[in-house]
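Peer 1: For reference, the structure I am asking about is given below.
The values are calculated or read from the model by the stated rules, or taken from the named source; none is laboratory data. If you're wondering where the values come from, they're calculated on a predicted model, not measured in any experiment. Cβ placement follows ideal geometry from the backbone for every residue including glycine, while neighbour counts extend to all protein chains displayed. Each accessible area value is taken on the protein alone, full model and side chains, heavy atoms only, with ligands, DNA and RNA left out. Shrake-Rupley method; radii C 1.70, N 1.55, O 1.52, S 1.80 Å.
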Amino acid sequence: MSSQIVSRRVLLRFGALASAAGLAPSLGACVTDDLGTGAALPEKQSALDVMPVLLVATTRKPVGNPPRPPYFSSDRGRGLSFAEVRLSPPDRSLLGKVSSVITGDWTIGAVPKSESGPGAAEAFAQSALGRDVLIYVHGYRESFESAAVSAARLSDGIRFRGVSGLFTWPSAAATLDYNYDRESALWSRDAFEDLLKALAASPSGGRINIVAHSMGTLLTLETLRMLRAEAGEAAMARIGAVVLAAPDIDFDLFSNGVARLGPDVAKITVISSTNDRALELSAALAGGVRAGAVDRAKLEALGVRVADASDYGGGLINHDLFLSNPDVQGVVKRAIARGAGV
């Protein structure tokens, strides 16, 4: 009983910190990977800004047929679903930028197309039309809407020129449901692997780039292990960049998972921070040191590239800088460029 009370207190503390994080100021430090200081992103339109359509693969239960708000719930669905999500881009005017602080950024306009069942993964692959794809895999405590908005912010922020995608699993979107979220993420491995297999098998080509955040990195790393073991090097060759931002994974588990990837470990870039308070609280809940909070040298010894964000930002959490900070977004953009051989 006492352990349950401790866990509840830790989670409540996490909720308070998470709410305050959006108000935290940032500092002017630079985030670097092993290629040097991050350069400013070029001022170009993203493909998402030109055509605001997000391709979604999800293991959440659909809400209605056709889907109606909130479109996909926190419950586990029956296998994989595919949806085309029409987004409303933010107002680029000065007034729009000021009002976005209050009203938000990207928003979901409609979900006109959805398909569930065995054909969902192939439907996603066909909609990608052989272009490069950026798939965002969210972390703990995310709703369908918040995950979709984060995917849009990421793709637009790095000015991605290919197809924007989201793999969203059944997070309860509640502070006290950490264990449910972790089990739901692991439960979604087979569906995520099916999606990656369908994309890798597409004869029209295109690189598959993955950016995973927090608990989503556990799902991603486990799925890549499965993909390499079952589909082999041909499928892994289609994987471009794999960026693991603030990995919420026990470091020993992370080490074993990375070792199973063999030479494909070179595709991985880790964005870490030794002062990530969210990962500190996660460690208190789950036990063990989280991979996203260990020293850079320990991560580099595993063969992954590392961008250490410990010295950036004055926030309480420092957990999702890749969604808002140009230097950290530059790390993602360079990883994708390397994956494409640019």
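Peer 1: Here are some residues: Ser202, Ser127. Which one is in a loop (DSSP other than H, G, I, E, B), closer than 26 Å to Glu230 by Cβ and among the polar types (S, T, N, Q)?
Peer 2: None of the other options fit; the residue is Ser202.
Peer 1: Moving to a separate point now. Could you give me the residue pairs with C-beta distances under 7 Å whose first residue belongs to the range 189-203 and is without any contact (Cβ under 8 Å) to a residue 60 or more places away in the chain, whose second residue is of a type in the set (Lys, Arg) wherever it lies, and which are 6+ apart or on separate chains?
Peer 2: Matching pairs, first to second residue: Ala200/Arg238.
Peer 1: Take Leu279 and tell me if it is crowded, with 18+ Cβ neighbours inside 10 Å, closer than 29 Å to Ser202 by Cα and under 16 Å from the mean Cα position of the chain (by Cα).
Peer 2: Details: crowded, with 18+ Cβ neighbours inside 10 Å: yes; closer than 29 Å to Ser202 by Cα: no; under 16 Å from the mean Cα position of the chain (by Cα): yes.
Spelling it out, it is not the case that Leu279 is crowded, with 18+ Cβ neighbours inside 10 Å, closer than 29 Å to Ser202 by Cα and under 16 Å from the mean Cα position of the chain (by Cα).
Peer 1: Just to be sure I understand the filter: pairs with C-beta atoms under 6 Å, separated by 6 or more residues or on different chains, first member in the range 277-290 and assigned to a strand (DSSP E or B), second member surrounded by 20 or more Cβ atoms within 10 Å (Cβ to Cβ). Which pairs pass?
Peer 2: From the range 277-290, the pairs are Arg290/Asp248; Arg290/Leu279; Arg290/Ser282.
Peer 1: From (1) in a helix (DSSP H, G or I); (2) within 19 Å of Val331 (Cα to Cα); (3) open to solvent by 10 Å² or more (accessible area, probe 1.4 Å), pick out the condition that doesn't hold for Thr274.
Peer 2: (1)
Peer 1: Can you tell me which residue among Ala246, Ala235, Ala241, Ala212 is under 20 Å from Ala335 (Cα atoms), within 14 Å of the chain's Cα centre (by Cα) and surrounded by fewer than 24 Cβ atoms within 10 Å (Cβ to Cβ)? Give the derivation first.
Peer 2: Details: Ala246 fails: surrounded by fewer than 24 Cβ atoms within 10 Å (Cβ to Cβ); Ala235 fails: within 14 Å of the chain's Cα centre (by Cα); Ala212 fails: surrounded by fewer than 24 Cβ atoms within 10 Å (Cβ to Cβ).
One residue alone meets the criteria, Ala241.
Peer 1: Hey, can you tell me all the residues within the range 250-271 that are surrounded by 24 or more Cβ atoms within 10 Å (Cβ to Cβ) and over 14 Å from the mean Cα position of the chain (by Cα)?
Peer 2: Phe254
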